[in-house]
Amino acid sequence: MALLTVDEYIATIRRRKSMEIWFRGEKFEDPTTYPALAASFNAMCKVYELARHPEFSKLLTVYSPLVDERVNLYTAPLYSHEDAMQKTRMARALAEVLGCCSHRCTGSEAVSGLFPLTYDVDKDLGTNYHERQVEWIKKIQREDLACTATMTDPKGHRKLKPGQQPDPDMYLRIIDKNDNGVVVTGAKVNQTGAIFAHEIVIVPTSAFREDEKQYVIAGAIPSDTEGLKYTLGRTPQDLRLGDDPEEMLDAGKKYADHQAAIFFENVLIHGNASLCVKSGNIPAECWSISPPFTASPQEDAKPVVSRCCLEPPSWRLK
Ligand SMILES: Cc1cc2nc3c(=O)[nH]c(=O)nc-3n(C[C@H](O)[C@H](O)[C@H](O)COP(=O)(O)OP(=O)(O)OC[C@H]3O[C@@H](n4cnc5c(N)ncnc54)[C@H](O)[C@@H]3O)c2cc1C
């Protein structure tokens, strides 16, 4: 089974290239030993542990036709109503154990949201985004990689469109295209679990108009990609204890999550090596069905994603 042990997961995170991570104005090197992140790292490790636990494994894993073995459900597109229900049950079970975000959920929603979208776009436009996404999904399944979804742009002045912002970095945007892929600059905020993820999955923050194509970008890059800078946000589990006796918020919580702002400075998203859906030939309306951030299917709900693979031709949510 393509499931990392906790020790293997920790080793993969420690093997990453040095990342630029800041907290309260100071840079730190190793997030796996950083006190403010201890409870968050514990939670991530627990999620890996439970996927191999005899009592949890069936719920937390699923057979993947892409790699012909059981994989972590967080790395799998949703093929059926049953898959969606299993995912919700998994979320409930993990919430019972952790009492916080499981860290791997947001990336998983981006994976399953983009899966039918890239399929449909390819059918309409003759592109090969789906094929590339499938290759990338096989990699994250075989290597059991944790993904985080970077959706939320800072957005700046909410009444102004992206191109009208006084600060152009309020929306992640494409600033260059070359033979290797696209180069992006800007930021994403409130990124849960980003510092302990292997892969950063970029999805647009909202629907964009035809003249806003430079903001329409979906792709996946390793979290230690050159040009990424992380700023860890504050949580009740961080270093407030000791700062201020009035703020005795640390009750010894074992599990917690973290949010980080990610700054992108001329970051290359490889067009061939990883999933990369470029702007320029994606109809703007496609992005109005950008991935749901959370899924709470009801017992009688109809499948809303990934039917494309079972029932071609193209299925589209309008
Ligand atoms: C704990 C936590 C974890 C998170 N984790 C992630 C994550 O892992 N990845 C990720 O991508 N994001 C994450 N987020 C971000 C979250 O997705 C966003 O906060 C959410 O999508 C809302 O976006 P926003 O904060 O920019 O709010 P806004 O878009 O500013 O919206 C705030 C409110 O103002 C309203 N509003 C906005 N603009 C206008 C306008 N022009 N006119 C009228 N009303 C308006 C909105 O309808 C809303 O009610 C996280 C957030 C939290 C709190």
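Count Lys and Arg as plus one, Asp and Glu as minus one, and take only other residues whose Cβ is under 9 Å from that of GLY156; the net charge is then -1. How are the C-alpha pair distances of region 6-293 spread across 10 Å bins, as whole percents from the shortest bin up? P(r) for region 6-293, in whole percents per bin: 6, 28, 35, 23, 7, 1, 0.
Its relative contact order, with pairs defined as Cα atoms under 8 Å and 6+ residues apart, puts region 6-293 at 23 percent. With a Förster radius of 45 Å applied to the beta-carbon distance between LYS253 and ASP179, the computed FRET efficiency rounds to 0.40. Our summary gives region 21-158 a relative contact order of 23 percent, counting only alpha carbon pairs under 8 angstrom and 6 or more residues apart.
Between SER206 and ASP7, full extension at 0.36 nm per residue minus the direct alpha carbon distance yields a gain of 67.9 nm.
Computed about the Cα centre, the dipole magnitude for region 86-160 is approximately 300 debye when only Lys and Arg (+1) and Asp and Glu (-1) carry charge, each at its Cβ. Ordered by the number of other Cβ atoms lying within 10 Å of each residue's own Cβ, fewest first, HIS198, HIS53, HIS270 fall into the sequence HIS53, HIS270, HIS198.
With viscosity set to 1.002 mPa s at 20 °C, what whole-number translational diffusion coefficient in µm²/s follows for region 1-139 from Stokes-Einstein and a Kirkwood radius over Cα pairs?
Translational diffusion coefficient: 128 µm²/s.
Highest mean packing comes first when the peptides 38-46, 20-28, 3-11 are listed by Cβ atoms within 10 Å, giving 38-46, 3-11, 20-28. For region 1-74, a simple Cβ point-charge model (Lys and Arg +1, Asp and Glu -1, everything else neutral) yields a dipole of about 100 debye relative to the Cα centre. Computed over the Cα atoms of region 35-79, pair by distinct pair, the Kirkwood hydrodynamic radius stands at 11.6 angstrom. Counting only Cβ charges, +1 for Lys and Arg and -1 for Asp and Glu, the dipole size of region 6-293 around its Cα centre is about 240 debye. Ordering SER206, SER112, SER64 by the number of other Cβ atoms within 10 Å of each residue's own Cβ, fewest first, gives SER206, SER64, SER112.
The numbers here are math on the coordinates, done by the rules we state, and not lab data. Since this is a predicted model, take the numbers as computed values, not measurements. Every residue, glycine among them, receives a Cβ derived from its backbone with ideal geometry; neighbour counts consider all protein chains shown.
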